[in-house]
Amino acid sequence: MSLSFTREAHPNPTAAEARTALLQDPGFGKTFTDHMITIRYTEGQGWHDASIHARRPLTLDPAAAVLHYAQEIFEGLKAYALEDGSMALFRPDANARRFNASADRLAMPQLPEELFVESCKLLVDVDKDWFPPIEGGSLYLRPFMIASETFLGVKPSSEYLYMVIAASTGNYFKSGAPAVSLWVSQEFSRAAPGGTGAAKCGGNYAASLAAQREAIARGHDQVVFLDAAENRWIEELGGMNLFFVFNDGTMITPPLSGTILPGITRDSLLTLARDEGLTVREERYGIDQWQADAESGKLVETFACGTAAVVTAVGKVSAPDFSFTIGAGGPGQLTGRLKEKLVSIQRGAAADPHGWVVRL
Ligand code: PLP
Ligand code: COI
């Protein structure tokens, strides 16, 4: 499907000096670029009115379905400025597929994959002056879709808005600490069998916030969610997947059971590890075993991974009735090596044998 994008001139773009100042320390998710993409969907008509225009507030009727029943999905992917000066997206086709899988689960329309990728490329191209010139800097793209029909009956909306915004981005974790500290949620579940855990919908994040509030209050960075049925099997963090590294060089990551997000970073690291000949099992791993293995020394590293956080070592794990340290509490060797391998491919500094880097 091809739609042509209307380009609306920005009435008041950010001045170059102001932008340069903002890009010194952009943080995560707060330094936004000047433009955004909008495409509308109407039942019976399909996708229409694609445009790129100044980033601006939305006008929504207060009875818009998304505001009441949370029919909303999103994606997160990064654009990188490569060492040769060109720009690239990392596996945008995988984000496009996951976006449609989420859309299906939330009873929303499918967006043609090529339109998803084209919209991301167009925004990066128009806002190319917003790459932060800092170590680890990138443009974080946030494509999302909301139910925009004005109607309070509970049913799939007949109208939707797809949008893409972009944020100049540095590190996800403000502390910049070499390893993060996790809080094990024992009271709250994130997802249950048959629910929306495998979809990237806003509701999953809303459901995670009470646990995240608890974690922050106790001085931790992120929450580890366990399975809802037995409160035992490790699933993932509020916004990242997990890998466990053992002293025999093997790794485990929880399987895609339907209750965790199928992370694209997770999939990329699985592929890179297996390319190296490492054994990685996609297998259930219990919280009790994690503690026992960390204490015996059998488990030597744990890391979290995701687009925003890339690869981040886990140093400490706490719950109301126990606390344990992973390895020496800082980043381990395999964590560092896999991160370096992934980042080198993303930045165009290493060969890309799987064709993941999509240049603009
Ligand atoms: N799990 C959750 C709940 C997430 O929000 C994310 C972030 O997108 C991930 C895992 C990691 O996914 P990805 O590597 O595709 O960014
Ligand atoms: C991402 O890594 O893209 C995420 O979506 C995680 C979080 C910021 C929601």
If you check residue 303 against the conditions, is it in contact (Cβ under 8 Å) with a residue 60 or more places away in the chain, at negative phi and not hydroxyl-bearing (Ser, Thr, Tyr)?
yes
Applying the selection to segment 197-235, what residues are touching a Lys or Arg at 6+ places or on another chain (Cβ under 6 Å) and in a loop (DSSP other than H, G, I, E, B)?
199
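Residues checked against (1) more than 16 Å from ligand 1 (Cβ to nearest atom); (2) assigned by TED's automatic domain parsing to the domain that holds residue 141; (3) open to solvent by less than 40 Å² (accessible area, probe 1.4 Å); (4) not aromatic (Phe, Trp, Tyr):
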{"position": "27", "(1), (2), (3), (4)": "yes, yes, yes, yes"}
{"position": "60", "(1), (2), (3), (4)": "yes, yes, no, yes"}
{"position": "75", "(1), (2), (3), (4)": "no, yes, yes, yes"}
{"position": "79", "(1), (2), (3), (4)": "no, yes, yes, yes"}
{"position": "111", "(1), (2), (3), (4)": "yes, yes, yes, yes"}
Does segment 311-360 hold any residues that are open to solvent by less than 70 Å² (accessible area, probe 1.4 Å) and in a helix (DSSP H, G or I), and which are they?
334, 335, 336, 338, 342, 343, 344, 345, 346
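Return the total of residues in segment 68-88 being farther than 21 Å from residue 110 by Cα and either touching a residue at least 24 places away in the same chain (Cβ under 8 Å) or among the hydrophobic types (A, V, I, L, M, F, W, C) (or both). Give the derivation first.
Here is the first cut: in segment 68-88, the residues farther than 21 Å from residue 110 by Cα are 68, 78-88.
In the following step, the residues that additionally are either touching a residue at least 24 places away in the same chain (Cβ under 8 Å) or among the hydrophobic types (A, V, I, L, M, F, W, C) (or both) were identified as 68, 78-84, 86-88.
Here the count works out to 11.
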For residues that are free of Cβ contacts under 8 Å to residues at least 12 places away in the same chain and of a type outside the set (S, T, N, Q), scanning just segment 306-335, find the one that is nearest to residue 88 (Cα to Cα).
328
Mind counting the residues in segment 289-310 that are modelled with pLDDT of 95 or more, closer than 30 Å to residue 167 by Cα and assigned to a loop (DSSP other than H, G, I, E, B)?
1
Taking the criterion of being touching a residue at least 60 places away in the same chain (Cβ under 8 Å), assigned to a helix (DSSP H, G or I) and surrounded by fewer than 20 Cβ atoms within 10 Å (Cβ to Cβ), would at least one residue in segment 159-177 satisfy it?
no
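The values are calculated or read from the model by the stated rules, or taken from the named source; none is laboratory data. Predicted, not measured: the structure shown is a model, and the values here were computed from it. All Cβ positions, even for glycine, are placed from backbone atoms using ideal geometry, and neighbour counts span all protein chains on display. Quick note on the areas: whole protein, heavy atoms, side chains included, nothing else; ligands and nucleic acids left out. Shrake-Rupley method; radii C 1.70, N 1.55, O 1.52, S 1.80 Å.
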